[in-house]
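Visitor: Please see the structure below; I have some questions.
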Amino acid sequence: MTGMGYWVDLYQAQQRLGGGFLLTRRFVLTALHCLRGLALNEDVDIELAGGERVEGRICRQDKEADLALVEIGAEHQVTLPIPTADVARDGDRWRGPYRPAAHEAHLSGRVNAGATPHLCVGGATIEALQLTADQHLGDYSGYSGGPIEGVGDDGTRQPAVVGILIEQAPDRAAEARAANVLFAATIREAIRRFDHLDVVHLIDVLRPPAPDRPGPDRDPPARDGATPARFVDTEALLLQLDAWAQRSLIDPSQIAELKFMAVKALIEGERNEGGA
């Protein structure tokens, strides 16, 4: 894997497991089967596109959809760019920026069917893309977990992530060989399946333990589920982000990153003011 980018390689004990990519600066999205049976909360190493390694932990698995989230250790500050996301269109060209080794080919091809129901090997029916690859490799397994970028029918559109590669269709004439038809879960499907990307979880992760009693300059505990006054502005921003997402003004991966930044800013502001 060469060059700077948002895609990663996952390792355990120096053994390469598979690919993935930064969905936010805290979470890596990958195909569950790339983790080769590792259990929830097991540690893995994350090799960034520039060669730096950071520690991670398997924090979420969706066996039916063959998807997993790896959380980057809190002591690491990842500053690589986070990709924008988009919706794939039938007939568009696509490319795979991730490859399992420097001598391997970059995948590319055409979107045959965008955002259609697909029955996964794990048993879930997910929103997925059906892709045709230009490269007839016979085995695409090393590419699993990598991002799929839509580049438009004429290849001139700014690349944006439209899915994560999870499956290969078997060749009907030779079952042991994979056809050049691939399946990728959409980014929208991945976001929908992981509560770790919800703001409630982010608050739990970032907020330090509450004191036994409020300080002199802090709000008293909220009653009847009311939002403390100092959180109102942030909550309004989060609700506005959800509204923009419903209107498709901001893509799902951007929403997750913006929510994370908003909550982090709130908690850091509390710490700086001497709060809990």
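The values are calculated or read from the model by the stated rules, or taken from the named source; none is laboratory data. Just so you know, these numbers come straight off a predicted model, no measurement behind them. Cβ sites come from the backbone with ideal geometry, for glycine too, and all protein chains shown count toward neighbours. Only protein heavy atoms, including side chains, enter the accessible area calculation; ligands, DNA and RNA are left aside. Shrake-Rupley method; radii C 1.70, N 1.55, O 1.52, S 1.80 Å.
Visitor: At 1.4 Å probe size, with the rest of the protein present, what percent of the exposed accessible area of the range 52-142 is carbon and sulfur atoms?
Guide: Numbers: 2050 of 4260 Å².
Of all accessible area on the range 52-142, carbon and sulfur atoms account for 48 percent.
Visitor: Okay, moving on. What GluC sites (Glu not before Pro) in the range 90-173 are in a loop by DSSP, with at most 16 other Cβ atoms within 10 Å of the Cβ? Walk me through the numbers before you get to the answer.
Guide: Details: sites: E104, E127, E149, E167; in loops: E104.
Counting only loop positions with at most 16 other Cβ atoms within 10 Å, the GluC sites (Glu not before Pro) in the range 90-173 are E104.
Visitor: Which trypsin sites (Lys or Arg not before Pro) in the range 23-64 pass both tests, a DSSP loop state and at most 12 other beta-carbon atoms within 10 Å?
Guide: Values: sites: R25, R26, R36, R53, R57, R60, K63; in loops: R25, R26, R36, K63.
The qualifying sites are R36.
Visitor: To the nearest 0.05, what FRET efficiency results for L80 and R177 with a Förster distance of 35 Å applied to their C-beta separation?
Guide: Numbers: r = 36 Å, r/R0 = 1.02.
After rounding, the FRET efficiency stands at 0.45.
Visitor: Next up: Might you tell me the accessible area per residue for the range 85-194, computed with a 1.4 Å probe and given in Å²?
Guide: Details: 4870 Å² over 110 residues.
Computed with neighbouring chains in place, this is 44 Å² per residue.
Visitor: Per residue and in cubic angstrom, what volume does the convex hull of the Cα atoms of the range 69-149 have? Please list the in-between numbers first.
Guide: Working: hull volume 11.4 nm³, N = 81.
Spelled out: Cα convex hull of the range 69-149, divided by residues, is 140 Å³.
Visitor: Here is a follow-up. With r as the distance between the Cβ atoms of A39 and Q135 and R0 = 41 Å, compute the FRET efficiency 1/(1 + (r/R0)^6) and round to 0.05.
Guide: Details: r = 34 Å, r/R0 = 0.83.
So the FRET efficiency works out to roughly 0.75.
Visitor: Tell me, how many Å apart are the Cα centres for the range 145-189 and for the range 67-89?
Guide: When both Cα centres are located, 19 Å separates them.
Visitor: Something else about it: Where does the charge balance sit around A178 when Lys and Arg score +1, Asp and Glu -1, over other residues with C-beta under 12 Å from its C-beta? Write out the running numbers ahead of the final one.
Guide: Details: positive: R172, R177; negative: D139, E167, D171, E175.
Once positives and negatives cancel, what remains is -2.
Visitor: Follow-up. Taking K and R as +1 and D and E as -1, what net charge do the other residues with C-beta under 14 Å from the C-beta of V78 add up to?
Guide: Working: positive: R25, R26, R53, K264; negative: D45, E47, E52, E55, E71, E75, E257.
Once positives and negatives cancel, what remains is -3.
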